[in-house]
Structure formats: C-alpha cells, structure tokens
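**Student:** Before anything else, here's the structure in question.
The values are calculated or read from the model by the stated rules, or taken from the named source; none is laboratory data. As the structure is a prediction and not an experimental result, all values here were calculated from the model. Here Cβ is always computed from backbone atoms with ideal geometry, including for glycine, and neighbour counts include all displayed protein chains.
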Amino acid sequence: MMDATHAPPAPPAAVGWTAIGTSVRLVVTDPDRLAAGRRLLASYIAALDLACSRFRADSELALAERRAGTPVPVSEVLADAIDVALHAAQVTDGDLDPTVATAMAALGYDRDFELVAKDGPSLPLTVRIRPSWREIQLDRSARLLTVPPGAHLDLGATAKARAADRAAARLADRLGCGVLVSLGGDIAVGGQSPGGGWQVRIQDITGHPDDPPAGPSQVIAMTGGGVSSSGIAARRWRRGDLTLHHILDPRSGLPAQPVWRTVSVVADTAVRANIASTTAIIRGAGAPDWLESRGLAARLVAVDGSVRTVAAWPRQELPA
C-alpha cells in the first residue's frame, strides 16, 4: 500500500466557460486552487471587457471614441491595451492597425460575432480612407488617450493575448501553483509547469480540448511563454456571393487574401505569438520567410489543408 506522503500529485484541474465572445479555459496544477483561480480570472476578464470592448456603449474605449480629438483619462487596463496595439502596429509596419474597426463594421462585423448575421445582401466593397494608427495619441505616464476623429479601434488582435499573459502571471503568483490561461486562440502559462510540460493541442479546426480533434493536429509541450493561433475559418460570414472573414488587410480595409487558413506561433509571450500569427495571415505567401527571419517557430495550414512548419516547430502530425 502506498503511503499518503508518497502519493503521486493530483493531475491538473481545468474549468472552462464563455466570455467576451470567446472561449475561456483555466488549468491549474493544484486542484484545490481552481475555484479561487476562476474567480480571479473572471474578474480580470470583466475589467478587460469594460475597458476595451468595441461592442459596449459603456466601455472606456467607446467613451474615448465619442470624445474623439480630446484627451480622455483612461484606466491602466485600456492604456496598456492601446500601448500594446500601437507597438504591434509599429513592429509589423502597420499590418496590425487597430483603426481597421471602421472597415470591419462596414463589412457587417459590428457586434459580438454570435449576433452578426451570417448571410446578408451584397456590400459595396471599396478601399476606404481612414485615420492611421499613427494618429492615435497615448500619454502613457498621464494615462491620457486621444482617438483621432472618425476612427474606431479594434484591440482584439492583441488585447486578449496580453490579458492571457498578465492573468497567467498574476494567478500563478496569487495561487502559488502552475497556471495555464487560454482566451480563444491565445494561451499563456505561468508558475511551475506540470511534469512533462503543459500539453497543448494545436489544431486547424476549432474544438473543445477534451473532445477528439476534428482534423489533423499536434500536441506540443510548453513550460513557459505563450502560443497563439490565428485563422480565417471560424469567424466567417457572407454578404451576397462573397465570403468574408475577420482578419483585414489595413491597406485595403478588406479581408486578407486567403493563403493560410490557420497560423500558430510559439513565442516568449502570448502577445508576441499573437502579433506574429495574425501578421502571417495578412502577409500571405511572404509569411514563412518573415517568421523565419525572426526565429519564430510556427505551423501554417494552407487553404488546401497542406501544412508547413517554420524554425523549430515539431513536424509530426496526429491523424484525425
């Protein structure tokens, strides 16, 4: 009989729910800390939604847009999200421009995706002149944000990933155990990982992690940092005969050309992985060389289902 003092550690415990229009999953190495962790993570997500949502009339972001051209005091949550979005625009030469929200709304994505009509009449698709990310003014020390007139901002490309990074670090510190936080396609880990690392399944077709994968997939082991997957297959809708998706090329204001249907990237943070995976969708055929030049391990799934890996990404696929 095994002595209780030598019993193997309990396996990690997990809980999942839906918030801010995406799936949320929390995994902890100490099952006794799961309930407390869920409460903490839910509070962080609620603060993120109130600060950054482009679909809430009472969000800080909506207020700043209504007072466009005027410096508006903002919370640390929104100031940080804007700061990260501007950094992403800078390091990608404008590929990730938060001002694409205006074009996105014109294409029909102007509310939580679950409420977007999946079919509708044809739209006049034209290149739109709009303010650039360079016109957004953020006084970081004073926490003052000035949105340029006529601009609407979408922080979704980076805000969730940044929230996953911060939540994983804070929960690990507060709970005193290993933590994995998943917000949609953005995953961050903190604290001591379980033996063998966190087992994260990467797949092209969105599904619950406890269900068998619906298509080819891989399982990777993570002991730190983050991973992000961006794709054009999940958030799609039709206007007339045209199928649209939510990753826009800011230079045209139209959906990026469908070269890759999913790109997954591993990096030292989830937000860095998110910046790279979303940019890769926009850069299309040039994405592998761009990722390689930055030493980022990535898995790219083409629209025909073929898989290409970059840098140190493991190559073995698991069958469906």
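**Student:** I'm trying to understand the selection: among the residues of segment 24-46, which are touching a strand residue (DSSP E or B) at 6+ places or on another chain (Cβ under 6 Å) and farther than 23 Å from L78 by Cβ?
**Tutor:** If the condition is that a residue be touching a strand residue (DSSP E or B) at 6+ places or on another chain (Cβ under 6 Å) and farther than 23 Å from L78 by Cβ, then R25, L26, V27, V28, P31, L34, G37, R38 are the ones that fit.
**Student:** Restricting to segment 162-192, give me the number of residues that are in contact with a strand residue (DSSP E or B) (Cβ under 9 Å, 6 or more places away or on another chain), touching a residue at least 24 places away in the same chain (Cβ under 8 Å) and over 21 Å from I275 (Cβ atoms).
**Tutor:** Within segment 162-192, residues that are in contact with a strand residue (DSSP E or B) (Cβ under 9 Å, 6 or more places away or on another chain), touching a residue at least 24 places away in the same chain (Cβ under 8 Å) and over 21 Å from I275 (Cβ atoms) number 7.
**Student:** I've got another one for you. Please state which of the following conditions A47 fails to meet, knowing it meets all the rest: (1) under 19 Å from the mean Cα position of the chain (by Cα); (2) closer than 29 Å to A172 by Cα; (3) hydrophobic (A, V, I, L, M, F, W, C); (4) surrounded by 16 or more Cβ atoms within 10 Å (Cβ to Cβ).
**Tutor:** (4)
**Student:** Only one of (1) more than 18 Å from G184 (Cα to Cα); (2) surrounded by 15 or more Cβ atoms within 10 Å (Cβ to Cβ); (3) out of contact with any Pro (no Cβ under 9 Å at 6 or more places or on another chain) fails for V307. Which number is that?
**Tutor:** (3)
**Student:** Right, P31: out of contact with any helix residue (DSSP H, G or I) (no Cβ under 8 Å at 6 or more places or on another chain), surrounded by 14 or more Cβ atoms within 10 Å (Cβ to Cβ), over 30 Å from Q199 (Cα atoms) and at pLDDT 95 or above or not?
**Tutor:** no
**Student:** Next question, about the same structure. For segment 150-196, give me the residue count where each residue is assigned to a strand (DSSP E or B) and of a type in the set (A, V, I, L, M, F, W, C).
**Tutor:** Residues in segment 150-196 being assigned to a strand (DSSP E or B) and of a type in the set (A, V, I, L, M, F, W, C): 7 in total.
**Student:** Quick check, is I136 under 21 Å from I247 (Cβ atoms) and modelled with pLDDT of 95 or more?
**Tutor:** Judged against the criteria, I136 is a match.
**Student:** May I pose another question? If I ask for residues that are modelled with pLDDT under 95 and among the small types (G, A, S), which ones from segment 41-61 would you list?
**Tutor:** Correct list: S53, A57.
**Student:** Let me ask something else. Tally up the residues in segment 56-76 that are farther than 18 Å from G21 by Cβ and touching a residue at least 40 places away in the same chain (Cβ under 8 Å), please.
**Tutor:** So the count comes out to 12.
**Student:** Quick check: is even one residue across segment 78-90 assigned to a loop (DSSP other than H, G, I, E, B) and either modelled with pLDDT under 95 or not acidic (D, E) (or both)?
**Tutor:** No - not one qualifying residue is present in segment 78-90.
**Student:** Suppose the filter is modelled with pLDDT of 75 or more, under 21 Å from L61 (Cα atoms) and surrounded by fewer than 21 Cβ atoms within 10 Å (Cβ to Cβ); does R261 pass it?
**Tutor:** No, not satisfied.
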